[in-house]
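Presented below is the structure to which this report refers.
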Amino acid sequence: MNKVLLKHYKKKLWALLLSALAAYYFCLPTTLFQTPYSSVLSDRNGELLSAHIADDGQWRFEASDSVADKFSQSIILFEDEYFYYHPGFNPASFARAGYQNLRGGRIKSGASTLSMQVIRLAFNKKRTLWNKLIETIQATRLELRYSKDEILALYAAHAPFGGNVVGIEAAAWRYFGRSSHELSWSESALLAVLPNAPALIHPGRNRETLLQKRNRLLNKLLNKHIIDSTEHYLACAEPLPEKPLPLPQVAPHLLHTLHQTKAKNSYRSTLVKSQQEQAKQLVDNFYSINRHNAINNLAVIIIHNPSAKVLTYVGNSAFNSNEHGHDVDIIQAQRSTGSTLKPFLYAAALDDGLLLPHMLLADIPTYYSDFSPKNYTRQFDGAVAAHSALSRSLNVPFVRLQNNYGTEKFHALLPKLGLSSISKSASHYGLSLILGGAETSLYELSSAYSSMARSLSTYTSHSGQYITSDYRLAQLTEEQEVKTGGYTFTPDVISAASVYHTFEALTNVQRPDEETGWENFTSGRKIAWKTGTSFGYRDAWSIGVTPEYTVGVWVGNASGEGRPGIIGGSAAAPVMFELYRQLPTTSWFEQPFDDMQLTAICQQSGYKASQHCHDIDSLYITAVKHDLPVCPYHRLVHLDSKGQQQVNANCYPPHSMHHKSWFVLPPVMAWYYQSRHPLYKPLPPFKQGCKAQQQTIEIIYPQAYAQLYVPREIDGKLGRIICKATHQKRSARLYWHLDNEYLGETIYTHQMEIAPDKGSHTLLITDEDGNSISRQFECLGKGNTVH
């Protein structure tokens, strides 16, 4: 019987023991502190850039990996001198506190170790003897879970430091404006005594008591030989801090954006604090000027191209203001692209063999069914070299180029460049895609330009190879995962040669007045740069590229309100060039000869030279696998013996003919081209009795088989359709007919107003020599009011 009882009690004892061990093991939750933390952004070196207050209204930073050495020694000496030796509680301190409390008849000493204070901070229970016992047990469990340094870090991060300041790091910034690792002995000692009586920090009160507590701790540090007499003297001479300081707000928009997308508390960015502060000051300076013209917002991003890391991120101007959308992160906002996509189309067309850098593009009145592009100047060049069309950002040549290249094909290229926000179908954007019909962010756009630069530099420095990961969004945080691609000899997006030709063309963009003559100064930088201005003057862009840096600038109003001064060249470009002046010296790209072919190019047309081109340049152009377009404008002309009139075999003896290569543009191109190029020679007239064999008249509008509406004027009355034509001879007289009914004649400027009925019609135009041209179109009836 005794053996049975003994066995029974033994089982119960084991059960109780196991229960006690389980209770002890699980007496601490998995996550000790459930408090919210401030969101904190640091630069690449760990320096604080910005912080947002925690959800409970406290400035509380997450525990760091290490505690500043001066504060660590101060707090241990002040609060728990045997911290590194006890198991979570100090028996000697317990005995001393018990004796003092019994003798005094009240609680005078708590004997709490730092480990026990961590438990009290985590659970915040009433201070009773029972809770003290629980804290002691939990403190020993804490010691088994964490190292001493980890416990010290937990205490330092959650101790109260007065007001709404919690934790050593928040306290260091609030009271001294710098990191806890940069504090002096005096400042560290002051913060060490605060958690014991945080109310003492109140400005204007308790100053003498606080000073005495700090100095007593400094005396102990001296007596323990932790500091010497000189350090002690200087530390005691330091004054106490005044009212709390505001925390840094050097990159608040980036912090807000990261916190929204990643839901973390601490972020180590790729930014460089000194550069960020310079750029922020520059933005504030320009904002102080722009706001007088009701231009309230400005954003800046700088990317280090080789690493794809963002060095500077100023998301908006005047962050401390609640007006004018200053809290919006413009760098991530979707805005109309203006003309900033033109370099991508230019490079893609070079890759496709559709374009050569000096090739003449038509810059003439152009009409599509629902769209008629216009240049910014409202003028036409007739014909313009492709590189000049890009550097001057001419709209008409690029709309025509997009139409020839293919809108869907160009639209499919943009996500490969990183412009994923242009996500609607190609038909949604249409031909306006190249002129700002789409929206993207400064972040994506600058990343795309940076990717082009990185890809070109990779090719020239890696024996003609590309890295597949070169085209990617710029990196914002050091923690961000970066996928490393492999090497390939085939470009994934745009070839190195096409990027090089594009950047070369962009170096010729006309700079602001203060940059005039930059080539003549040793400090001048060669920069490929592009501006953009959206419809209605709502967005001004300027993006510059060198091998080292991409600088992107946006100027405008977050509300979308347009202003006359919101123009890329005058509003955004000066900011961009000023930012480049703050950066280290830059270089220029090596020419990727391995990706180029030496080709004979016609000097006048920019096409591959034909047999009739006499003035030829040998140029390195993008190597393409198929045949390049051959000059269509030089042709062999047959002249009389005096070389003054055109002839042919039907009217003139062949042996008396003089054969000459002649540069001949189509009539419409020639009409506008010769007004800007006085040396352009139109073809000589035909000799009497010799019939012209080339087209001398060209109809500009309407296009063949176009479907048109008769417009209504602003007063509601029925308007007229304006037909336009051109003749090879500027002084020619043209005779107009609609459906065999004579309308009238024109000279020099050939325009005729018509008001056709609904249905199909034929427009016929003849000149004095009997040359004629006809055009069929359909009138669909009355249209809307013209505004």
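The values are calculated or read from the model by the stated rules, or taken from the named source; none is laboratory data. Predicted model only: the values in this text are computed from it and were never measured. Reconstructed Cβ throughout: ideal geometry from the backbone, glycine too, with neighbour counts over all protein chains shown. Accessible surface is based on the protein model in full, side chains and every heavy atom, while ligands, DNA and RNA are left aside. Shrake-Rupley method; radii C 1.70, N 1.55, O 1.52, S 1.80 Å.
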> So which of 454, 400 is of a type in the set (D, E, K, R) and open to solvent by less than 40 Å² (accessible area, probe 1.4 Å)?
Replying inline: 454
> For residues in the range 135-149 being out of contact with any Cys (no Cβ under 7 Å at 6 or more places or on another chain) and either in contact (Cβ under 8 Å) with a residue 60 or more places away in the chain or within 13 Å of residue 195 (Cα to Cα) (or both), which is most open to solvent (accessible area, probe 1.4 Å)?
Replying inline: 149
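Which fully enclosed strands (runs of 3 or more DSSP E) of the range 633-732 have 2 or more residues being under 23 Å from residue 397 (Cβ atoms), open to solvent by less than 50 Å² (accessible area, probe 1.4 Å) and touching a residue at least 40 places away in the same chain (Cβ under 8 Å)? Walk me through it before giving the result.
Working: elements: 634-639, 658-663, 697-701, 706-712, 721-727.
Ranges flagged: 697-701, 721-727.
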>> Just checking: which of the helices (runs of 4 or more DSSP H) contained wholly in the range 364-475 hold 1 or more residues that are in contact with a Pro (Cβ under 9 Å, 6 or more places away or on another chain)?
In response: 386-391, 395-405, 442-461
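A quick yes/no check of all residues on (1) modelled with pLDDT under 90; (2) farther than 30 Å from residue 223 by Cα; (3) more than 42 Å from the chain's Cα centre (by Cα):
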| residue | (1), (2), (3) |
| --- | --- |
| 11 | yes, yes, yes |
| 49 | no, yes, no |
| 87 | yes, no, yes |
| 100 | yes, no, yes |
> Say we look at the range 126-160 and pick out the residues that are in a loop (DSSP other than H, G, I, E, B) and touching a Leu at 6+ places or on another chain (Cβ under 8 Å); which of these is farthest from residue 66 (Cα to Cα)?
Replying inline: 159
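In the range 581-600, is there at least one residue being of a type in the set (A, V, I, L, M), surrounded by 15 or more Cβ atoms within 10 Å (Cβ to Cβ) and in contact with a Leu (Cβ under 7 Å, 6 or more places away or on another chain)?
The answer is no; no qualifying residue exists.
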>> Consider the range 479-526. How many of its residues are open to solvent by less than 30 Å² (accessible area, probe 1.4 Å), of a type in the set (Val, Ile, Thr) and modelled with pLDDT under 80?
In response: 0
> Of the residues 219, 215, 206, which single one is more than 46 Å from the chain's Cα centre (by Cα), among the polar types (S, T, N, Q) and open to solvent by less than 40 Å² (accessible area, probe 1.4 Å)?
Replying inline: 215
>> With the structure loaded, tell me whether residue 563 is assigned to a loop (DSSP other than H, G, I, E, B), surrounded by fewer than 24 Cβ atoms within 10 Å (Cβ to Cβ) and not polar (S, T, N, Q) or whether it fails that test.
In response: yes
> How many residues, within the range 165-199, are surrounded by fewer than 24 Cβ atoms within 10 Å (Cβ to Cβ) and of a type in the set (Asp, Glu)?
Replying inline: 1
